[in-house]
Amino acid sequence: MLFLPARKLFLSSSSKTFLLLKSSTAPATYACLHSLHDCSSTSPRTLRFYSSSRFFLHLSYQRASRCSHTPYSATPVPRQFSGVNDESLGKQFIDDKKLMILRKKLQEIGIDGSSCTPGRYNGLVCPSCKGGDSHEKSLSLSVTEDGGAAVWTCFRAKCGWKGATTRAFAGVKSTYLTKSKIKIKESRRTITEESIGLEPLSSKLLAYFADRVISGETLRRNAVMQKRKGDQVAIAFTYHRNGKLVSCKYRDTAKRFWQEANTEKIFYGLDDIKEASEVIIVEGEMDKLAMEEAGFKNCVSVPDGAPPKVSAKELPTEEKDTGFQYLWNCKDYFVKVSRIILATDGDKPGQSLAEELARRLGKERCWRVHWPRKDHISSFNDANEVLMFLGADAVRVAIEKAELYQIQNLENRCS
């Protein structure tokens, strides 16, 4: 006997809206028709749907208090919605059984998905790294709209835990239990702007960047785009190598980040330092764009932010240096570079990032930027903040006054 997958069918007739459900465990012969509004007719009706095969769907309904069904299958009665229309109905259909099983599986590996909303990205504390000293919500968890599957990634530089479920009834695959084992090289996805659904920036996001003194010309040159997911719109920072799109990182206006799964880890703006003898490294994509507004195109940004502190361990090998894999993936770009200016954030994680980069790139060719002071207590934190409050000239002065990294550390020890 032929079995078909579970389906939803929407039937609209003036003010009447119907939802067709079919049990995923029953043959395609029978289904149930649930009315989301009271039917105007007082007599029972029978609807028959014939296909090109011998099988058909027998549907009937009787007037009831907002919802009626037939006894032909064991399909669960769906939750009732208020103010439902054809457009929003599909978005609100969640399989409670699948969601319950999915949350249980996530709980087994330490992810608390009890408060996560299907169809959206949810920020959580990573069970692998615990969010570091600050307990930041660095784990991005995405649950499908029906509640049947999930993917997640931790964006802390020293963690990188990621994984996925196929469906709620299948197993869970993640790096949580295999992080200490030998890393298997993953096959990278081939992506294009069309395949991942990118589109030009809207006027709203252009205004968002304008408030941060980033021009439309700079955004176009760096191929900054946007991506829609339901009613959400995220900024899309595209990562290119030799003109080819190899990765994409997303950011919403609440400053939550996530990245295309199974894509290459590289510096943002990598093609801008090809054959360069002097390179500026910043901590975020916004700072890379701010540097360009100040006249510096030979600038790249790290993709994963900064570690909370400097590691006390010896420098790991390339295979085990997972937190800085993007640096090893781009090592050929730094072979001929004689001067590397570390313009990371001025806070403690930013200083830790500068130290970790200098350890790997060689402190003898690194310079460190000190951002100008706000007052006698504090200083500006990054390139974009300086650009917004002091202008492009102040950014250029800070770069020109960068200090040789070894001399800087020697003076700190002497003092």
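The values are calculated or read from the model by the stated rules, or taken from the named source; none is laboratory data. These figures come from a predicted structure and were not determined experimentally. Virtual Cβ from ideal backbone geometry, glycine too; neighbours counted across all protein chains shown.
Could you please find all residues in segment 82-110 being at pLDDT below 70 and within 25 Å of the chain's Cα centre (by Cα)? Outline the logic, then answer.
Start the filter on segment 82-110 by keeping residues that are at pLDDT below 70, which leaves 82-93.
88, 90, 91, 92, 93 - these are the residues of segment 82-110 that are at pLDDT below 70 and within 25 Å of the chain's Cα centre (by Cα).
How many residues are part of a loop (DSSP other than H, G, I, E, B), at pLDDT 80 or above and either in the same structural domain as residue 305 (by TED's automatic domain parsing) or among the polar types (S, T, N, Q) (or both) if we restrict to segment 118-168?
Residues that pass the stated criteria total 3.
Take residue 208 and tell me if it is surrounded by fewer than 20 Cβ atoms within 10 Å (Cβ to Cβ), touching a Ser or Thr at 6+ places or on another chain (Cβ under 8 Å) and closer than 30 Å to residue 400 by Cα.
Values: surrounded by fewer than 20 Cβ atoms within 10 Å (Cβ to Cβ): yes; touching a Ser or Thr at 6+ places or on another chain (Cβ under 8 Å): yes; closer than 30 Å to residue 400 by Cα: yes.
Spelling it out, residue 208 is indeed surrounded by fewer than 20 Cβ atoms within 10 Å (Cβ to Cβ), touching a Ser or Thr at 6+ places or on another chain (Cβ under 8 Å) and closer than 30 Å to residue 400 by Cα.
Specify which of the listed residues (195, 174) is at pLDDT below 85 and closer than 28 Å to residue 284 by Cβ.
From the options 195, 174, the qualifying one is 174.
With the requirement that a residue be buried (at least 19 other Cβ atoms within 10 Å of the Cβ) and more than 23 Å from residue 230 (Cβ to Cβ), what does segment 102-126 give you?
Answer for segment 102-126, where residues must be buried (at least 19 other Cβ atoms within 10 Å of the Cβ) and more than 23 Å from residue 230 (Cβ to Cβ): just 126.
Return the residues of segment 349-379 that are under 32 Å from the mean Cα position of the chain (by Cα) and of a type in the set (D, E, K, R); say none if nothing qualifies.
Passing the criteria: 355, 356, 359, 360, 368.
What are the pairs, 6+ residues apart or on separate chains, where a residue within segment 94-114 that is in contact (Cβ under 8 Å) with a residue 40 or more places away in the chain and within 17 Å of residue 162 (Cα to Cα) has its Cβ under 7 Å from a residue that is surrounded by 13 or more Cβ atoms within 10 Å (Cβ to Cβ) and among the hydroxyl-bearing types (Ser, Thr, Tyr)?
Note: pairs meeting the criteria are 102/165; 105/165; 109/174; 109/176.
Grab the strands (runs of 3 or more DSSP E) fully contained in segment 205-324, keeping just those with 1 or more residues being under 19 Å from residue 345 (Cα atoms) and in the same structural domain as residue 366 (by TED's automatic domain parsing).
Numbers: elements: 224-229, 232-241, 244-251, 257-259, 278-282, 299-301.
Correct list: 278-282, 299-301.
If you scan segment 271-301, which residues turn out to be charged (D, E, K, R), more than 16 Å from residue 398 (Cβ to Cβ) and touching a residue at least 40 places away in the same chain (Cβ under 8 Å)?
The answer is 274, 275, 285.
Determine if segment 348-368 includes at least one residue that is farther than 18 Å from residue 281 by Cα, modelled with pLDDT of 90 or more, of a type in the set (D, E, K, R) and touching a strand residue (DSSP E or B) at 6+ places or on another chain (Cβ under 8 Å).
The answer is no, given that none of the residues of segment 348-368 is farther than 18 Å from residue 281 by Cα, modelled with pLDDT of 90 or more, of a type in the set (D, E, K, R) and touching a strand residue (DSSP E or B) at 6+ places or on another chain (Cβ under 8 Å).
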